[in-house]
Amino acid sequence: MPNRGQWQAQGNDVPRPGHCHPWNEPQAPTKDAARAHLASVGSMCTQMQRQLRVDAVKRALLYIARAPAAGIPGFHMKSFNVRSPPLRARRARIDLEITTGSALRDSPAVAVP
């Protein structure tokens, strides 16, 4: 089964369908890969959109760090809402969607000779 999902920046301040970084990989994405995917979404945002979502991204990074070693199985959706957004950015948030397989697993241990 493939491991599919996406990170998104959503809200009224982002053009539809939002800024998105999808994945479709044979191996479940690691926590390191999830952080890179989240950074990719951030790079698609304007400076104002990134600044508005700083706290939401921090909470998403904490969520990644706290994920179980084996990862989180799909179907799973989690939103990291911007607290008290301005009216022009209603519903501003960062979304994680794991559609199939799993994601956020620990990186495999490297054998030391």
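Checking each residue in segment 53-73 for being in a loop (DSSP other than H, G, I, E, B) and within 13 Å of Asp95 (Cα to Cα) picks out only Arg53.
Taking Ile98, is it touching a helix residue (DSSP H, G or I) at 6+ places or on another chain (Cβ under 8 Å) and in a strand (DSSP E or B)?
For Ile98, the condition - touching a helix residue (DSSP H, G or I) at 6+ places or on another chain (Cβ under 8 Å) and in a strand (DSSP E or B) - is not met.
Within segment 11-21, does at least one residue satisfy the condition of being outside any strand (DSSP E or B), modelled with pLDDT of 95 or more, within 21 Å of Arg91 (Cα to Cα) and in contact with a helix residue (DSSP H, G or I) (Cβ under 7 Å, 6 or more places away or on another chain)? No; the residues of segment 11-21 include none that is outside any strand (DSSP E or B), modelled with pLDDT of 95 or more, within 21 Å of Arg91 (Cα to Cα) and in contact with a helix residue (DSSP H, G or I) (Cβ under 7 Å, 6 or more places away or on another chain).
Of the residues making up segment 61-92, those that are at positive phi and surrounded by 11 or more Cβ atoms within 10 Å (Cβ to Cβ) are Gly71, Arg91. Total residues in segment 56-113 satisfying the condition of being over 10 Å from the mean Cα position of the chain (by Cα), within 24 Å of Cys45 (Cα to Cα) and of a type in the set (S, T, N, Q): the figure is 3. Annotation for segment 38-55: no member residue is surrounded by 13 or more Cβ atoms within 10 Å (Cβ to Cβ), charged (D, E, K, R), at pLDDT 95 or above and under 19 Å from Gly5 (Cα atoms).
Can you report the number of residues in segment 37-52 which are in contact (Cβ under 8 Å) with a residue 12 or more places away in the chain and assigned to a loop (DSSP other than H, G, I, E, B)? Looking only at that region, the number is 1.
What residue, among those in segment 22-36 that are part of a loop (DSSP other than H, G, I, E, B) and touching a residue at least 60 places away in the same chain (Cβ under 8 Å), is farthest from the chain's Cα centre (by Cα)?
Filtering segment 22-36 for residues that are part of a loop (DSSP other than H, G, I, E, B) and touching a residue at least 60 places away in the same chain (Cβ under 8 Å), the one farthest from the chain's Cα centre (by Cα) comes out as Ala28.
The values are calculated or read from the model by the stated rules, or taken from the named source; none is laboratory data. In this text the structure is predicted, and so the values were computed from the model without any measurement. Every residue, glycine among them, receives a Cβ derived from its backbone with ideal geometry; neighbour counts consider all protein chains shown.
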